[in-house]
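Only one structure is covered here, and it is reproduced in the block below.
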Amino acid sequence: VGSGLMTIGTLNAIAQGGQIAYVADKGYANPDGCSYTTFMASKDLLESGGLETPRDLAGLRVALSTASSAEYYLDVLLKQGGLAPDQVELVDVPLPTRFEGMTSGELDLAAVSEPWGTRIAATGRAEVWMPMEQVLPGFQLSVVMYGPSFLEDETGLGLRFMRAYLKAVRQYQEGKTERNLEILGKYTGLDAELLRQACWQSFRADGSIDFQSVLDFQSWADEGGLLIRELTPEEFWEPRYIEGALESLSPTG
């Protein structure tokens with residue numbers, strides 16, 4: 001079992017016969033939630049009026065991971081502004097370097113997730129701009145995945161894991177309780193104050209995913225020559241584990 005961002009690499013592995021399946025939600029861009037994944041924009045640029053609409057992205061230095069959901073997110077914004085991808089300068093650097101670039105003024109825009117958004121905002125040098133939940137409402141950002149052991153050999157264990165996972169999601173959705181802060185602090189190494197300030201990513205309590213956003217992401221990747229082929233939902237999604245887990249969980253967990 002693993003979890004992480006929905007990636008082109010995983011989709012390509014499945015297309016080539018890899019025994020991998022998405023089995024549950026692990027985070028999405030909730031239009032009614034806070035900004036967990038967003039672009040942070042230079043405060044000077046915003047205050048000067050130089051970045052009011054997506055059309056103003058032309059010529060800016062933008063940090064993100066290429067061939068990723070962040071680049072897809074940017075391309076959607078560029079299309080809204082009538083711009084082509086080559087009208088911005090992409091800088092593919094890790095998150096700590098994006099922090100340094102935004103605080104030093106070397107970058108105009110950076111795609112980040114928490115806790116980096118809160119850390120960058122705390123410097124006073126950048127602010128949230130066009131968060132993902134506004135640009136791609138409902139986007140399936142992260143997933144839980146099973147490999148061949150849970151999918152074929154240890155299906156009972158896979159079901160028990162999913163039951164425990166969905167119970168944990170329900171506790172997580174209680175919010176920033178002292179118990180949840182203690183658990184997250186222990187396993188992330190982040191201090192309680194940063195956890196209190198940061199946006200907590202939204203999870204779906206029933207473990208379901210947004211199929212259309214996966215299909216749209218695939219279409220974008222395919223158009224860019226990044227995908228071996230587009231998969232059907234039946235090829236990347238295995239619902240039996242959340243279905244079985246939900247049958248055995250009470251409405252309150």
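The values are calculated or read from the model by the stated rules, or taken from the named source; none is laboratory data. Remember, predicted model here, so these are calculated numbers, not experimental data. Positions of Cβ are backbone-derived with ideal geometry, glycine not excepted, and every protein chain shown enters the neighbour counts. What goes into the accessible areas is simple: the full protein's heavy atoms, side chains included, and nothing from ligands, DNA or RNA. Shrake-Rupley method; radii C 1.70, N 1.55, O 1.52, S 1.80 Å.
If we count every other residue with Cβ under 14 angstrom of ASN180's Cβ, Lys/Arg +1 and Asp/Glu -1, where does the sum land? Taking every Cβ under 14 Å from that of ASN180, the sum is +3.
Taking a ≥ b ≥ c as the square roots of the Cα gyration tensor eigenvalues, with a/c under 1.5 meaning rounded and otherwise prolate when a/b beats b/c, else oblate, which class fits segment 30-140?
Taking the square roots of the gyration eigenvalues as a ≥ b ≥ c, segment 30-140 is rounded.
Peptides 46-57, 106-117 ranked from most to least packed, by the mean per-residue count of other Cβ atoms within 10 Å: 106-117, 46-57. For the peptides 61-70, 119-128, the ranking by packing is 61-70, 119-128, with the highest mean count of neighbouring Cβ atoms within 10 Å listed first. The local environment of VAL88, defined by Cβ-Cβ distances under 14 Å, has a net charge of -4 under the rule Lys, Arg +1 and Asp, Glu -1.
Helix-only estimate, please: 222 nm mean residue ellipticity of the chain, summing -39500 (n - 2.57) across DSSP H runs of length 4 or more and dividing by its residues, to the nearest 500.
Numbers: 12 runs with 107 residues, N = 253.
The helix-only estimate for the chain comes to -12000 deg cm²/dmol at 222 nm.
Tally Lys/Arg at +1 and Asp/Glu at -1 over every other residue whose Cβ is under 14 Å from the Cβ of GLU47; what's the total? Write out the running numbers ahead of the final one.
On the way: positive: LYS43, ARG125; negative: ASP44, GLU52, ASP56, ASP108, GLU127.
Every neighbour counted, the sum reads -3.
To put it simply, the accessible area of the chain at a 1.4 Å probe is 50 percent carbon and sulfur.
Before I look further, what does the chain give for accessible area per residue, probe 1.4 Å, in whole square angstrom? Present the calculation step by step, with values, prior to reporting the outcome.
Details: 11910 Å² over 253 residues.
Computed with neighbouring chains in place, this is 47 Å² per residue.
Sequence-ordered 3J(HN,Hα) estimates for segment 81-91 from the Karplus curve with 6.51, -1.76 and 1.60 and θ = phi - 60° stand at x, x, 10, 9, x, 7, 8, 10, 9, 7, 10 Hz, glycine and proline given as x.
The mean sequence separation of alpha-carbon pairs under 8 Å and at least six residues apart, normalised by the residue count of the chain, gives a relative contact order of 34 percent.
Segment 22-84 and segment 108-183 have Cα centres lying 18 Å from one another.
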